[in-house]
Each structure stands twice: as C-alpha cells, then as structure tokens.
1. Is there a residue being open to solvent by 10 Å² or more (accessible area, probe 1.4 Å), over 15 Å from the mean Cα position of the chain (by Cα) and within 20 Å of B:D188 (Cα to Cα) anywhere in the range A:200-216?
2. When you scan the range B:196-213, how many residues do you find that are more than 9 Å from chain A (Cβ to nearest Cβ), over 11 Å from B:L39 (Cβ atoms) and either within 16 Å of ligand 5 (Cβ to nearest atom) or part of a helix (DSSP H, G or I) (or both)?
3. Please count how many residues of the range A:202-229 are within 13 Å of chain B (Cβ to nearest Cβ) and either among the charged types (D, E, K, R) or not in a helix (DSSP H, G or I) (or both).
4. Suppose we keep only residues that are farther than 21 Å from B:I191 by Cβ and within 12 Å of another protein chain (Cβ to nearest Cβ) within the range A:238-271. Which one would you say is surrounded by the most Cβ atoms within 10 Å (Cβ to Cβ)?
5. Being acidic (D, E) and farther than 18 Å from A:G63 by Cα is the filter here, so list the residues in the range A:260-287 that pass it.
6. Among (1) free of Cβ contacts under 8 Å to residues at least 40 places away in the same chain; (2) buried (at least 24 other Cβ atoms within 10 Å of the Cβ); (3) touching a Lys or Arg at 6+ places or on another chain (Cβ under 7 Å), where does B:I213 come up short?
7. Just to be sure before I move on: is B:E237 at pLDDT 95 or above, crowded, with 16+ Cβ neighbours inside 10 Å and either assigned by TED's automatic domain parsing to the domain that holds B:G21 or away from ligand 1 (no atom under 16 Å from the Cβ) (or both) in the structure I sent?
8. Find all pairs meeting these conditions: Cβ atoms under 7 angstrom apart; at least six residues apart or on different chains; first residue within the range B:289-309 and within 11 Å of B:Q234 (Cα to Cα); second residue assigned to a helix (DSSP H, G or I) and open to solvent by less than 90 Å² (accessible area, probe 1.4 Å).
Amino acid sequence: MSQQQAEKEARKQSAPILQVKNLKKYYPITSPFGKTKDFVKAVEQVTFDLTEKETIGLVGESGCGKSTTGRTILRLTEPTEGAAIYKGRDLFTLKPKEMKKVRKEIQMVFQDPHSSLNPKKRIGEIIEESMKIHRIGNKAERIEKAMYLLRRTGIREDQYYKFPHEFSGGQRQRIGIARALAVNPSVFILDEPVSALDVSIQSQVINLLEELQDEFKLAYLFISHDLSVVRHISDQIGVMYLGHLVEKASTDELFENPLHPYTKALLSSIPIPDTRVRRERIILKGDVPSPINPPSGCVFHTRCPFVIEKCKKEKPIYKESTNGHLVACHLY
Amino acid sequence: MVGEHLLEVKNLKTTFLTEMGSVVAVDGMSLHVDYGETLGLVGESGCGKSVTAESIMRLLDERTTKYEGEILFKGQDLLSLPEKKMVDIRGNEIAMIFQDAMTSLNPVYTIGNQIVETILTHQKVSKKEAYEKAIEMLRLTGIPSPEKRILEYPHEISGGMRQRVMIAMALSCKPSLLIADEPTTALDVTIQAQILDVINELKKELNMGVIMITHDLGVVAEVCTRVAVMYLGQVIEEAPVDNIFTNSLHPYTKGLLKSIPKIEGDRNKKLYTIEGIVPSLHNIPKGCRFAPRCSFADEQCRTQSPVLKETDGGHKVRCWHYEKIGQMEEKIDVTATS
Ligand SMILES: Nc1ncnc2c1ncn2[C@@H]1O[C@H](COP(=O)(O)OP(=O)(O)O)[C@@H](O)[C@H]1O
Ligand SMILES: Nc1ncnc2c1ncn2[C@@H]1O[C@H](COP(=O)(O)OP(=O)(O)O)[C@@H](O)[C@H]1O
Ligand code: SF4
Ligand SMILES: [Mg+2]
Ligand SMILES: [Mg+2]
C-alpha cells in the first residue's frame, strides 16, 4: 500500500464532518392567488457523509436535484425534511445567527462566479470584504491575506485593483475560489465549478482545487454533470436521478462495477475522446419524467431497460453490496 | 465532375468591421466535406467555429462583415451569389441546427405549423402532403406519437424533444449539407447520445455531408470521420478521426487530449495543463499563434507563421517542429517504459 493510499485508509476511519440524512426538499407551486397547487419534488431521498479532507461527487442530469441538495445544506433554500449534521449539530435546527457562523465554515463556489462577484468592486476589496464580514484580522492583515490568496489561486498581485469584468471566465473562477478561502472554511460546496470553462482552462482549475484541498485541509461536495471530471476529483460518488440518490460508492468501485441501471446507462453515454475505445451503449428511451408527478415505485422504472413488475409498485430500499457500495434497485 | 467535393472552402477570411477596428475572426480557412461524411470542427470557445459556419451560410451582416476567399458548394462559389439565390440554398440545400433550438423555433406557432411552413417554402407540394411529410420527419427523429406532438408549442416539450423538432425541420427539405453548431452542448449525456444517433442515422439515410461543430472531443470520436482543429481563427491540424486520437501532431491538439479527465485508467495523476489563455483577436501573436503557450516554441515560431502542411494520408498540421516533437516524445516514451 502506498503512503497516499494508507493515509486515505486512515482518513476513512475518521468521523464524517458533514452528514446529510434523508434530505427532502419540495418547492411549492403556487397559483396566481397564492394557494399552493402542487409541489416540485426536487429532492426526495438523499443521504451521504462527507469526510474531512475528502471529496464526494454528486452526479446526475439537469434537474435531478444536485444544486437543491447543495443549497439546502446551507439553507439558502429551506429543507422540507431531513437533517444535515455538521460537527455534531443539525444545521436545519440552527438559529439564523448560528447559521451565519456555519456559512463561514461551509463555503459555496458556483458555476458562474460572475453573478456572485460584485461588478462595482475591485477584486481585492471583494476578498477583503468577506473577511471583514466575518471579523477576520485587521485591515492590514486582511489586505495581506487577500494578496496571498490571489497569488495562490493564480492571479497576479498587481491585478488587486481590477474589476471582475476585466477577467476571463477561468480567472473569475479563481477569484471566486480565493474569496471562499479567505474565511478559513473547512468545507466547499462546489456547484458545477468548471462546467463553463474550456478544456484547457478546466484542467488548470481542477488541479488548483486539488492542491488547495491538501493545503487548506478542505472537504469538497463536488456537484457536476460531467462524469469524467467527477471521477478525477472524487473519492466517493453519489448518483442522483429525479431527486433520489440511487447509488453511492467509492469512485473506483462505481466505475468498475456500476450496479444501478441508470448509472450503467449514464456511464455508457459518456462520449470517450478516443476512437480506440468502443463500448456497448445503453440508449435510454424518452425523457426524464416531471418531478411534480414522479413515477410510482422506482422513479426510474419508466426508462429502465430491466424493469420488472415489482418496480412499478414498490420503492426500492438501499442495499449494501460490497463495503459501502449502496444501491436502490429491485434487481439487487 | 470528378474530384469535386460537396463543399470546398478555400482560404476563407472573415473580417468584422467593428468600432474598435477590424477583427479577422477566421483567417485562411480551407476545408472540404464530401457526401455521407461528417467533418468535425473543434476548438475552444472563440476560436471561430460558429463564424466559419455562419460564413458558409452567409448569415452575417454584410454591411459590417467582409468575406474573402471561396466557398464552393457543388462547384459554385456561394460568396459570389446574389442574396436571392442564397435564400434558395439556405434551409433547402444547406441546413443548419443550433445549440439552442429556441433560436430557430417560433414560440407562437405549433411545431406542426413551423415544419409545414418550411416544407411549403422550399417544395412544390400540397398542404396535405407537407403535413404528412412533417409527421414523417418527426417520426424519423424518434419523436413518439408525432401526430399528437405536431399540435404542441415549442415551450410545451422538453429540451431534447425541441432539438429533435429542430432537426426534423432542418432536414425536412432533404438538404445535402447539414451544419450542426454544438447541437448537443446544452443536453444531458443520455439525451445527447439519442440525438447523436438520430443525426448519424439521418446522415446515412440522406447521404448528407455533415459539419459537426463541437468543443467536445468525445463527441468528435463518436460521430466524425474527419476532424479539423481550430485555434484562434485558423485550422491548426486536420486529419482522419483515428489519426487525431492516435497520432496527433500539433502541440495544441496533443495538449487538449491530455488535459481531459478520462473515465478509464489512472485518475490520481495531476491533469496536464496548457498554460496561459487564448489571446484576444485584437492582439494576435506574431509568428505561430500558439507560440506564447507552446512549450516547444523557439525564435522561428515567434517570428514566422507556419503554414498548414500536408504530411501523409490526408493529415495536415500547422507547426514548424511537429517532426522533431514527435521524435522527442517517442524517446520519452521509450525511456518511460524501459
Ligand atoms: N426555486 C425553485 N422553485 C421551484 N422549483 C425549483 C426551484 N429550484 C429548482 N427547482 C426544480 O427542482 C428540480 C431540481 O433542480 P436542481 O436542484 O437545480 O437540479 P440540478 O442542479 O440537478 O440540475 C428541478 O425540477 C427544478 O426545476
Ligand atoms: N458579429 C461579430 N462582430 C465582431 N466579432 C465577432 C462577431 N461574431 C463573432 N465575433 C468574434 O469572433 C470570434 C470567433 O467567434 P465564434 O466563431 O463565435 O467562436 P466559437 O468557436 O466559440 O463558435 C470571437 O472572438 C468572437 O468574439
Ligand atoms: S510552430 Fe512552434 S510554437 Fe507553434 S506549435 Fe509548433 S512548436 Fe509550438
Ligand atoms: Mg444545478
Ligand atoms: Mg460557437
């Protein structure tokens, strides 16, 4: 066992820093007169642990509830049911003032940092300000730290006084990351952080995120629809479909031995940039059903190539196959 | 005519006249497409893929755009045709589909009306025949119960379905060339797989030539027969699809392939990166345009522009040192394995 692997094994023994349990989030749909007509069942059944200094990836197609999962943890949108235990406390029961403190420790990084960087402020000020809000250091210390973080994330110090619009998409993402780092967080929730970037810039930012994870001892919840990126960066992966976490396993286990028919279809649909690799493709029929009226039983049954009668009636429960590999499917 | 290509672009140069001066977005582009083949046009955003497509279709505002070179479609130069003739060719002989179907679908008309309208504009058929054709096209793109769907409006259907409707509309006049500009970029992978299948099937059925514009090298491997890689307004490498993946010659192409995270093999390595960013069109580097980011660049690269040179088997590359670089890498491979 290499040293790296040994360290990873040791870490697995350590307690999770964040536990999401039976998370559920329904968005009410209201009629023009303010009455609730229906619900978008955005997240129905999501449970996972995030271990210190590790990365869990959440994958699935658009609308499956990845962003909602990330946002409810920080209560940017209020959960309907469930718990998110962070350092022993359930975030969903905290008072606003206590929640504010947690938001310092759990930072969010978005796909488009442009919308989250104040266009009227210079980038140095943006970073300094987030420290000020959380009462970190005095002015001189804050400026020094902001300079350090910019340099560390690959932005030249002489660009401290520039405005966000003067930077490219990749550079803005670095600035967003620098700002998130400024308040000494222990968890990053990254929602499609490299999805808008071109390949050559994407690999730069992924490498940066990996270096920062080691340097600042961060745990990542890494949300992405791009399975190749998620495979590269994650220790564990959760696959979501229509609000449900349908499978969860360590990264290598998931790719070598996918169990859920949806995971299999998803993996087989990724176009591989190499003509020497030819695979059997599982082409799913039809579209993802509406989360307002999800299918009965197993939510995947309307598109599943292996559907049996039971799938239409009964919701599958999680089964653990090998160590830690969870799947919710009647075939197992 | 023997040896005539369906489409042959020769030395195309597209210049925008802007307030900040003129900008050459496509500079010296040459490519060809034959019946029944799919040419991939790849490169990062801003490299000139869409402008190339829009130039072929002559969709750009000609008061502020200057075209130079030749675009030979079935032997006639589109750049010298009067606009009236172009109208006949667009949508009829050459069709185009986009990333966002909503840009080519009208939200106030039903799906059926729009396809019927397109057919009636270009073909001498009765309304009833057009209607039947529309249903047939929708069926070909894999839309279930097209008789019902034809009565729906674009916003009532999913993104994947809209993309199919746009394809049905684009192909309803059986064009000989289809230009698909990032047709699956906004779609999820399982839906992308469906749409790529549809395009492939219809290409065979109609024996069309296809230009597939994408930034995704996975899509290229999946559907293309030949590939042109663009960088900053120029083709820097062109080759049969297998060569691009097994024997790419340009440092930029090699770099791109190495930077992509893979779904197989060792995942604990650091990703390869191409340092720096793509320069602006207002500030095009002298010599080789890739030189500021290239680890092999020398004085020659920084001062003289390489030409797109044919090596063998239809493989072309725009680099001064591709032979030397290939030999160097072979050596590295040998030492790495021994
Ligand atoms: N604020 C909201 N109000 C109502 N529905 C929402 C809201 N945000 C998201 N949704 C819906 O919830 C579902 C899950 O969305 P999201 O979490 O954004 O998915 P993902 O990030 O996986 O694409 C989708 O059907 C989406 O339309
Ligand atoms: N109408 C226009 N006027 C000026 N510049 C343009 C215009 N359209 C595109 N460009 C510029 O031309 C370059 C190539 O753009 P485009 O072909 O859209 O790139 P892509 O490869 O991403 O499709 C970009 O730098 C873009 O900003
Ligand atoms: S010509 Fe020179 S700078 Fe350009 S790609 Fe080749 S080696 Fe690099
Ligand atoms: Mg999302
Ligand atoms: Mg484009």
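The values are calculated or read from the model by the stated rules, or taken from the named source; none is laboratory data. What you are looking at is a predicted structure, and each value in this text was computed from that prediction instead of being measured. Don't worry about glycine lacking a Cβ; one is built from the backbone with ideal geometry, like all the others, and counts go over all protein chains shown. In case anyone asks, the SASA skips ligands and DNA or RNA and just uses the protein heavy atoms, side chains included. Shrake-Rupley method; radii C 1.70, N 1.55, O 1.52, S 1.80 Å.
1. The answer is yes, given that some residue of the range A:200-216 is open to solvent by 10 Å² or more (accessible area, probe 1.4 Å), over 15 Å from the mean Cα position of the chain (by Cα) and within 20 Å of B:D188 (Cα to Cα).
2. Of the residues in that region, 9 qualify.
3. Result for the range A:202-229: 7.
4. A:L254
5. Within the range A:260-287, A:D274, A:E280 meet the criteria.
6. (1)
7. It is true that B:E237 is at pLDDT 95 or above, crowded, with 16+ Cβ neighbours inside 10 Å and either assigned by TED's automatic domain parsing to the domain that holds B:G21 or away from ligand 1 (no atom under 16 Å from the Cβ) (or both).
8. Within 7 Å, the pairs are B:F290/B:P251; B:F290/B:Y252.
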